Amino acid sequence: MELASKYNPVEVEGKNYQFWLKHNLFKSIPDNREPYTIIIPPPNVTGVLHMGHMLNNTIQDILVRRARMLGKNACWVPGTDHASIATEAKVVSKLASEGILKKDITRDKFLKHAWNWTHQYGGVILEQLKKLGASCDWDRTCFTMDELRSKSVIKVFCDLYEKGLIYRGVRMVNWDPKALTAISDEEVIHKEVNGKLYYIKYKIEGEDGHIVVATTRPETIFGDVAVCINPNDEKTAALKGKKVIVPIINRVVPIIEDDYVDVEFGTGFLKVTPAHDINDYLLGEKYHLEAIDILNDDGTLNAYTLQYEGMDRFDARKQIEKDLSDANLLEKTEPYTNKVGFSERTDVPIEPKLSMQWFLKMQELAKPALKAVMDDTVRFHPAKFKNIYRYWIENIKDWNISRQLWWGHRIPVYYLPQGGFVVAQSKEEAYQKALKIIDYSLSIDELQQDEDCLDTWFSSWLWPVSVFDGINNPNNEDINYYYPTQVLVTAPEIIFFWVARMIMAGYEYRKEACFYDVYFTGIVRDKSGRKMSKSLGNSPDPVELMDKYGADGVRMGMLLTSPAGNDLPFDESLCEQGRNFNNKIWNAFRLVKGWNVDNETAQPVASQVAIQWFNSLLNKTIIETADLFEKYRLSEALMMLYKLFWDEFSSWYLEIIKPAYQQPVDQTTYLATLHFFDSLLKILHPFMPFITEELWQALEPRKEGESIMLQMIPQTEIPDNVVLDNFEKIKEIITEIRSIRLQKNIPNKERLNLQIKGEHPSEFNPVIIKLCNLNTIDRVQENEDNAVSFLVGTTEYAVPLDNLINVEDEIKKIETEIIYYEQFLSTVLKKLSNEKFVANAKPEVVTMERKKQSDAEFKLKSLNETLGKLKNNS
């Protein structure tokens with residue numbers, strides 16, 4: 001197989017991905033092997049790939065590919081999410097651009113448009129994942145609104161209702177005025193907003209005086225039904241039992257008393273608006289106060305607000321401020337910074353609003369989910385997220401599962417014409433249920449299904465079970481084989497939305513956790529530390545990155561600085577580093593395959609030694625990377641392999657065994673090197689699937705459909721640590737000799753000699769001789785007069801320079817060096833003579849200073865000896 005002179009990712013990646021698909025290499029069916037299952041966090045069906053997806057799916061693919069190479073039956077299930085709010089917003093926007101308003105068309109017509117949109121734009125992101133190299137079983141692709149998943153969602157709603165866990169009621173919810181739907185607490189992002197604190201005068205009924213109430217939302221005064229004071233506040237005690245008049249609306253409201261009021265905040269008077277503040281709502285319930293909703297669903301003011309009806313809430317706020325001021329009812333305003341809840345999806349301020357909604361009781365569902373994480377049945381990586389998880393679970397609230405949307409799973413509740421409702425999986429079933437509980441005639445068409453949809457997360461929380469049809473067919477072969485899944489790779493910001501709820505659903509419907517490990521990725525940030533986003537314009541297009549650097553290059557760039565749970569400071573230069581590594585592998589392979597092999601040539605001793613050393617190092621690295629994988633420290637594993645190939649294999653091993661110019665390599669060394677290359681490609685494959693497949697195919701002739709991805713990770717032997725330790729010393733010796741050549745301007749073609757005083761692993765001498773171009777290596781009692789010496793460990797090495805240097809120039813250089821080291825030693829000794837430093841510094845710091853002292857003293861001794869000899873001989 002002829003390899004191109006330069007690595008071309010576009011050609012290699014497209015060809016090899018089609019090869020994998022053609023031979024069904026990603027496909028998984030239950031068998032007698034150990035399963036290894038990952039479910040993809042389903043991206044929005046109409047979404048496109050962003051940097052977060054790149055990181056998340058690269059990690060998943062690495063884990064899945066490695067599992068295959070460990071002999072496991074790896075199954076990576078892909079899919080997409082219907083994303084109710086986001087998708088409906090896009091469809092509404094598209095219709096508006098065509099002059100069509102949602103309110104002017106029927107639900108069925110709107111859903112037809114939504115499905116058309118989904119079919120037109122859906123699946124793009126899955127195709128982009130293929131470009132990344134994602135080895136998903138594409139035959140298993142799921143969609144949260146496909147037939148099986150939809151059936152699962154409806155069945156679970158009915159089941160939980162029958163268990164008494166789902167109920168309907170009027171509650172204070174987070175209302176998104178742009179999406180026109182309630183959203184959960186977890187979908188609210190709190191941001192600091194610079195606003196105002198308005199000090200408004202409320203006249204006291206029957207008196208000339210007034211009180212002052214401070215508020216950040218003056219438009220809500222139209223919903224005021226009381227003013228509350230703290231019964232223990234002396235400042236307000238004189239007002240107990242009195243009434244005040246709400247300005248503009250002129251509503252007379254009572255002054256009530258409750259410990260809830262903070263006597264230190266504001267004026268001591270709290271306006272009570274039960275329909276627009278959760279704490280006011282609780283006061284309203286406690287004191288049986290009316291709740292007056294002054295907002296329309298779209299955030300405009302309604303008829304309760306008199307002349308402000310129809311105005312946007314923020315425009316009305318400005319006008320009300322002016323009108324209060326004109327009427328001398330505004331004492332003052334002050335700048336005020338407070339945290340305001342914003343909708344995660346639409347980025348508009350949410351409104352607390354009383355609304356009839358469906359809720360799921362969470363307390364009982366949460367108990368096994370909390371225990372599973374705290375006792376490490378489900379392990380978090382990194383573990384720091386356990387405490388965040390525990391706090392949320394221990395303070396969990398009922399889940400508002402209804403959304404005022406049309407795109408999604410319609411709530412399976414059917415209302416009867418004379419009141420009441422039935423819950424059923426279909427209208428036909430609902431009709432049969434209804435007939436059993438009513439005493440009047442009823443046609444099926446008279447049943448009216450609830451208009452709302454279920455929260456998108458109500459389908460996502462079932463994902464580990466529903467992708468294997470475990471809700472509808474709880475004992476089918478797939479669910480019994482693939483469940484529980486092995487690991488979930490996700491972002492920590494959806495730990496409550498999704499991770500916690502999936503664990504709950506797993507225990508509710510399978511009586512066990514849905515996965516064993518959760519790997520939390522970090523947030524991808526730019527070089528300035530900002531989160532990458534389209535709105536900031538700081539996020540590169542992942543597809544363009546792959547076109548520029550190759551998928552393997554980008555995968556490596558993403559992984560190099562992304563330890564679990566820590567943010568990724570992304571820099572495009574990392575992808576360039578990844579591409580350079582691809583080129584390094586490609587060129588090293590072409591170098592080796594380009595050698596002429598001679599069966600008759602004897603194997604050099606240096607090559608024998610190099611093979612022994614690199615074999616131990618390879619085994620050690622395979623063992624250590626396996627341990628890192630167990631701990632989900634993937635970045636460290638990749639860096640270890642990067643250094644193994646670039647530094648050890650290319651820079652040392654190949655340099656040692658490389659035949660002389662136009663000379664052949666012996667067959668034993670050549671075959672050993674190909675074997676090493678085979679092992680290196682296999683351990684690199686999970687990280688860099690495309691180039692490793694291409695080169696593995698070129699390593700030797702392969703059978704049709706044979707692939708590196710189905711090969712086993714190399715078996716390991718016990719590494720020889722003595723050989724490894726000794727070779728590190730040899731590296732130091734070679735580096736020192738090369739440094740002497742450089743400093744003394746001695747050409748590489750000039751052969752040198754090496755003298756040794758002390759212990760030395762002589763079996764590596766052939767390596768030193770070859771890489772340093774030496775004549776001899778001799779043990780001596782004393783170094784020659786004109787030798788330059790250095791220390792490796794406790795052994796002294798010296799390189800005699802003979803007539804290779806200018807003695808006068810060398811004397812000047814050495815004298816300069818002596819001055820430097822004397823000053824350096826003086827500084828170190830000053831530190832060590834300071835009793836406070838020695839007593840208070842960390843032991844390792846003191847040890848380091850003592851080493852600096854001994855190294856400097858040896859260097860000075862060596863320099864002075866060399867100087868003396870040079871002067872004597874000059």
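The values are calculated or read from the model by the stated rules, or taken from the named source; none is laboratory data. A quick note: this is a predicted structure, and the numbers were derived from the prediction, not measured. A quick note on method: Cβ atoms are made from the backbone with ideal geometry, for glycine too, and the neighbour counts reach across all protein chains shown. These accessible areas exclude ligands, DNA and RNA; they are computed on the full protein's heavy atoms, side chains included. Shrake-Rupley method; radii C 1.70, N 1.55, O 1.52, S 1.80 Å.
Numbers for the structure displayed
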read-out: Exclusive hit being without any contact (Cβ under 8 Å) to a residue 60 or more places away in the chain and farther than 19 Å from residue 798 by Cβ, set 864, 840; value: 840
read-out: Residue check, residue 727 touching a residue at least 40 places away in the same chain (Cβ under 8 Å), of a type outside the set (Lys, Arg) and either over 21 Å from residue 9 (Cα atoms) or assigned to a loop (DSSP other than H, G, I, E, B) (or both); value: yes
read-out: Selection from region 255-303 of residues that are under 17 Å from residue 232 (Cβ atoms), acidic (Asp, Glu) and touching a Lys or Arg at 6+ places or on another chain (Cβ under 8 Å); value: 257, 258
read-out: Output for region 584-614, where each listed residue is within 16 Å of residue 655 (Cα to Cα), in a helix (DSSP H, G or I) and either in contact with a His (Cβ under 9 Å, 6 or more places away or on another chain) or of a type in the set (A, V, I, L, M, F, W, C) (or both); value: 585, 588, 589, 591, 592, 605, 606, 609, 610, 611, 613, 614
read-out: Hits in region 131-164 - residues which are out of contact with any His (no Cβ under 7 Å at 6 or more places or on another chain) and open to solvent by less than 10 Å² (accessible area, probe 1.4 Å); value: 132, 133, 134, 135, 136, 137, 142, 152, 156, 157, 160
read-out: Residue pairs meeting the criteria (Cβ under 9 Å; at least 6 apart or on separate chains; first within 15 Å of residue 513 (Cα to Cα), in region 358-383; second part of a helix (DSSP H, G or I) and open to solvent by 60 Å² or more (accessible area, probe 1.4 Å)); value: 366/394; 370/390; 370/394; 373/390; 374/390; 377/371
read-out: Complete set of residues in region 651-674 that are within 19 Å of residue 699 (Cα to Cα), among the hydrophobic types (A, V, I, L, M, F, W, C) and outside any helix (DSSP H, G or I); value: 665
read-out: Matching option when the condition is surrounded by fewer than 22 Cβ atoms within 10 Å (Cβ to Cβ), farther than 30 Å from residue 574 by Cβ and of a type outside the set (A, V, I, L, M, F, W, C), among 443, 460, 466; value: 443
read-out: Positions within region 543-576 being more than 26 Å from residue 640 (Cβ to Cβ) and open to solvent by less than 50 Å² (accessible area, probe 1.4 Å), in sequence order; value: 543
read-out: Whichever residue in region 662-714 is more than 23 Å from residue 58 (Cβ to Cβ) and hydrophobic (A, V, I, L, M, F, W, C) and, among such residues, is most open to solvent (accessible area, probe 1.4 Å); value: 671
read-out: Region 530-540, residues that are more than 20 Å from residue 59 (Cβ to Cβ) and open to solvent by 40 Å² or more (accessible area, probe 1.4 Å); value: 530, 534, 535, 536, 537
read-out: Test: residue in region 322-337 that is surrounded by 19 or more Cβ atoms within 10 Å (Cβ to Cβ), part of a strand (DSSP E or B), of a type in the set (Ser, Thr, Tyr) and at pLDDT below 95; value: no
read-out: Filter result (closer than 21 Å to residue 409 by Cβ and part of a helix (DSSP H, G or I)) within region 455-478; value: 457, 458, 459, 460, 463, 464, 465, 466
read-out: Number of positions in region 246-262 that are open to solvent by 50 Å² or more (accessible area, probe 1.4 Å) and hydrophobic (A, V, I, L, M, F, W, C); value: 1
read-out: Checking residue 618 against (1) buried (at least 19 other Cβ atoms within 10 Å of the Cβ); (2) more than 22 Å from residue 560 (Cα to Cα), the condition it does not meet; value: (2)
read-out: Subset of region 263-300 that is hydrophobic (A, V, I, L, M, F, W, C) and in a helix (DSSP H, G or I) - its residue that is surrounded by the fewest Cβ atoms within 10 Å (Cβ to Cβ); value: 278
read-out: Any hit, region 318-325, residues being under 28 Å from the mean Cα position of the chain (by Cα) and aliphatic (A, V, I, L, M); value: no
read-out: Only one of 872, 840, 806, 834 that is open to solvent by 80 Å² or more (accessible area, probe 1.4 Å) and either under 21 Å from residue 735 (Cβ atoms) or under 53 Å from the mean Cα position of the chain (by Cα) (or both); value: 840
read-out: Residues (hydrophobic (A, V, I, L, M, F, W, C) and either under 24 Å from the mean Cα position of the chain (by Cα) or not in a helix (DSSP H, G or I) (or both)) located in region 110-144; value: 124, 125, 126, 129, 132, 134, 136, 138, 142, 143
read-out: Residue 288 out of contact with any His (no Cβ under 8 Å at 6 or more places or on another chain) and more than 28 Å from residue 519 (Cα to Cα); value: yes
read-out: Selected residue (only one of 167, 199 is loosely packed, with under 15 Cβ neighbours inside 10 Å and not in a helix (DSSP H, G or I)); value: 167
read-out: Candidates 643, 620, 631, 593, filtered to the one that is farther than 17 Å from residue 675 by Cα and in contact (Cβ under 8 Å) with a residue 12 or more places away in the chain; value: 631
read-out: Whichever residue in region 417-438 is assigned to a loop (DSSP other than H, G, I, E, B) and open to solvent by 20 Å² or more (accessible area, probe 1.4 Å) and, among such residues, is nearest to residue 374 (Cα to Cα); value: 425
read-out: Scope region 634-672; condition touching a Pro at 6+ places or on another chain (Cβ under 7 Å) and at pLDDT below 95; matching residues; value: 635
read-out: Count of residues meeting criterion [of a type in the set (Ser, Thr, Tyr) and over 30 Å from residue 527 (Cα atoms)] in region 572-601; value: 1
read-out: Checklist (1) part of a loop (DSSP other than H, G, I, E, B); (2) within 30 Å of residue 211 (Cα to Cα) applied to residue 346, failing item; value: (2)
read-out: Scope region 843-868; condition within 30 Å of residue 808 (Cβ to Cβ) and surrounded by fewer than 16 Cβ atoms within 10 Å (Cβ to Cβ); matching residues; value: 855, 857, 861, 864, 868
read-out: Single match in 759, 763 (criterion: assigned to a loop (DSSP other than H, G, I, E, B), at pLDDT 90 or above and either surrounded by fewer than 18 Cβ atoms within 10 Å (Cβ to Cβ) or among the aliphatic types (A, V, I, L, M) (or both)); value: 759
read-out: Hits in region 479-527 - residues which are among the basic types (Lys, Arg), in contact (Cβ under 8 Å) with a residue 24 or more places away in the chain, outside any strand (DSSP E or B) and open to solvent by 10 Å² or more (accessible area, probe 1.4 Å); value: 510, 527
